[in-house]
Amino acid sequence: MATTSYINAPKQGSDDSQKIPGRFYIEYMYMEFPDVSGNNYNYKVDIREIVTSFNITAEIFSPILTLSGSIRDTNNKLGKFLISNNIGNSLTGQEKIYLKIVSGYDDEQKEIIQRFAIKEYPNYIKTLDFPNNQIFTFVAVSEFAYTDRLMKICRPVKQNTFANIEKIFKEDLGLAEVKLEGDGQEPVSKFDGLITIQNPLSAAEWLRSRSFDQDQSPFFLYNKVTYPGNDAGTVYFASFGGLVNNQKSPSKDLTYKYRQRIEYEPGTAEAYAEEQTRILSMTSNLKLDRLKTALEGGYANRLNVTDFSAKTYYTLDYTTEESKPYRIGKMSVVPWKSNKYKVDGASNDGKTLYDVPETSISSVQISFAPTYGDPSTALTNSVTSSLSQNIQRAKSFVARMNEYDHEIIVYGKTRLNPGTILLLEVPTVQKYNPDASEVDLAFDQIVAERAPLDATVSGRYLISVASHNFVDGVYTCKIKLFRIEDLPVTKDSQTIPVELTPPPPTENLTGVLPDQQQA
């Protein structure tokens, strides 16, 4: 990477009033090496001029940040550094990378300050055409993710899941904070249990999978590329409902539009603002595979429950309805004709996918242990306290979340992190007539600019994966999104009410079989 690419603003003919999209500055980027004992990291070398490109990726399903890049070393800079400091003559795979990047975009969170541990060097290239060049790629992860693989924990779980997750990251992995985001509410999931022998991050994920808010919304455990305000590191914890409710109206700079051209003069503040919210590329995975989603329990699903303490067996049927502004007619199907599934008063046989829970059936076993018949003293585990009450909606949520998604490329902003909600505005396709008169063409252009938005791809979306790419002196973001308006709305979560404390075994010894229940 050439010296002039530390910052990609022109060196002449510009001033601070001119803004260039994708502008960034690398304040520092150095690799740190251990000494011969492997215990101390006291040797640092600046690698800004030999790193040709790199990207930092964060996703909402993992608290681990990933750094990958390419190094082009034409004068054996790393090798000479190692030999001159008597710490070896080659890379060991135990190096660390520290970096600080300042975005040129006027944002409250402009700085990316992170530390990574090298995980591997997957590729090394050296050709006969360029014998003095060596190119290799590297993959690095958050420091705590590297040490996590070398640790095992085993301990009891007491009450709130968030408190136990916080303990893992602070005491075991050495982070400074687990920050609650969204509406700032902790999960309502509370139980007593045991973390079996496993890595700390695996235990944290197990606890996260059993964390739900009061509206049965699942929680995410994730990270951000921006500087958290401390050097020890921070991870973030928030429910889906909390993120959505806290970002009902995305700000103007988070409203991205599909534009063929820019209205204002290049170099002006107005043109810069338009470029920063312009969709450069868009790829949509419009699977719309309704059958697959139904089989995964996206629209309706059934849960078979075996209660050992009460010696009962019953089923819970979860059904949903369409999400506004969609009409039920867009999702209605007639899967088969049968008297059993005949809809009363309808002109056709069959049911919508929202009302066929037997397309996806799962099972769970529970066991309550109340003391002297007092429900308040019931000993609950993660299944009775969290899964049995929330698993059906969570199953529907995951299936619908993966129904279809978008990948867009925009100019870089450090605030584009997992959990952030964007508003996409993509107009419908307008007909173009090359034989029309100038007056007609001018009219067609006005119509195109005022075209209605395409309901299939426009709307509010939540960032699930954000890759911050620094290539050829330009900062861009490749973002994966999923629509939040299209997730299911609960209509009827269960056909058989289940109390917290089941009846004594003498009252119900056999339970009710699924085919004996009313659909």
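The values are calculated or read from the model by the stated rules, or taken from the named source; none is laboratory data. Just so it is clear, the model here is predicted, and its values are computed rather than measured. Virtual Cβ from ideal backbone geometry, glycine too; neighbours counted across all protein chains shown. Ligands, DNA and RNA are excluded from the accessible area calculation, which covers all protein heavy atoms including side chains. Shrake-Rupley method; radii C 1.70, N 1.55, O 1.52, S 1.80 Å.
Structure notes:
- Phi-based couplings in Hz for the stretch 210-225 (Karplus 6.51, -1.76, 1.60; Gly and Pro marked x): 10, 10, 9, 8, 5, 9, 6, 8, x, 9, 10, 10, 8, 9, 10, 7
- For the peptides 229-241, 254-266, residues were scored by their other Cβ atoms within 10 Å and the scores averaged per peptide; the highest-first order is 229-241, 254-266.
- Out-of-range pairs (alpha-carbon distance over 26 Å; input Lys119/Lys292; Lys167/Lys248; Lys248/Lys292; Lys44/Lys100): Lys119/Lys292; Lys167/Lys248; Lys248/Lys292
- Carbon + sulfur, % of accessible area of the stretch 165-227 - ligands and nucleic acids excluded, 1.4 Å: 42
- Among 152-164, 136-148, 352-364, the order from most to least packed when residues are scored by Cβ within 10 Å on average: 136-148, 352-364, 152-164
- When the pairs Lys179/Lys257; Lys224/Lys257; Lys252/Lys395 are compared against a 28 Å limit on Cα-Cα distance, Lys179/Lys257; Lys252/Lys395 fall above it.
- Ordering 409-419, 206-216 by mean Cβ neighbour count within 10 Å, with the highest value first, yields 409-419, 206-216.
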